[in-house]
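Right, one structure below, let's go through it.
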Amino acid sequence: NLYHRDQNGYSLLHWAAHSGNADLVALLIGHGLTPQLASTRGVTPLMQAAVGGHLQAMQHLVSQGGISTLHARSWDGWSALHHAVANRQVAAALWLAEQGADPHYPHHHGVSACQLALDANQLGLYQQLSQIAQRQVEVQE
């Protein structure tokens, strides 16, 4: 059953994204599973892919799920960008920010992805995320 979920609300799409199986992610989306599908704690397949830095899976999920996929938050306010930064997935974090994820948006405890990078002494990532955020502001003005 493609629509089965485990006790935590994770679907086959969550597990395919978590493992970085981009072909399976595309196949499951093609069979009707939605990239916005959230677990019982609000975790989306994009968040699962971001944990492992699985760029191809992330690209499929965002291309099929749209901007709402980027801005989804789990029950504690974490986004895919928070997950990528917390797991030191630099390329994934930068890609998410370039796609429009806000590096300065805080989770429910007030910590942004930029702050997570600073707290983990990832100064290069912090600087790059800040630059991307600044460019996004300039484009909006």
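The values are calculated or read from the model by the stated rules, or taken from the named source; none is laboratory data. It should be emphasised that the depicted structure is a prediction, and the values quoted were computed from it without experimental measurement. For neighbour counting, all protein chains shown are included, and Cβ atoms are generated from backbone atoms with ideal geometry for every residue, glycine included. Note: accessible area is taken over every heavy atom of the protein model, side chains too, but ligands, DNA and RNA are not part of it. Shrake-Rupley method; radii C 1.70, N 1.55, O 1.52, S 1.80 Å.
For this structure, a couple of remarks:
- Site pair Arg135 and Asn87 shows an inter-label distance of 2.4 nm when each label is modelled 7 Å from Cα along Cα→Cβ.
- Tilt relative to the chain, helix 55-65 - C-alpha long axis, 0 to 90 degrees, to 10: 80 degrees
- Magnitude of the charge dipole, the chain, Cβ model with Lys/Arg +1 and Asp/Glu -1, debye to 20: 240 debye
- Carbon/sulfur fraction of accessible area - the chain, other protein chains in place, 1.4 Å, %: 51 percent
- Overall form of segment 71-123 per C-alpha gyration tensor (a/c, 1.5; a/b vs b/c): oblate
- Candidate values (i) 17.1, 58; (ii) 16.0, 60; (iii) 14.6, 48, label of the one derived for Rg and Dmax of the Cα atoms in Å: (iii)
- Rolling a 1.4 Å probe across the protein heavy atoms gives the chain an accessible surface of 50 Å² per residue.
- Tilt relative to the chain, helix 123-140 - C-alpha long axis, 0 to 90 degrees, to 10: 90 degrees
- Once exposed loop chymotrypsin sites (Phe, Trp or Tyr not before Pro) are cut out (DSSP; at most 14 other Cβ, 10 Å), longest piece of the chain: 4-74
- Fully extended contour minus Cα-Cα distance, from Ala120 to Gln64, at 0.36 nm per residue: 17.0 nm
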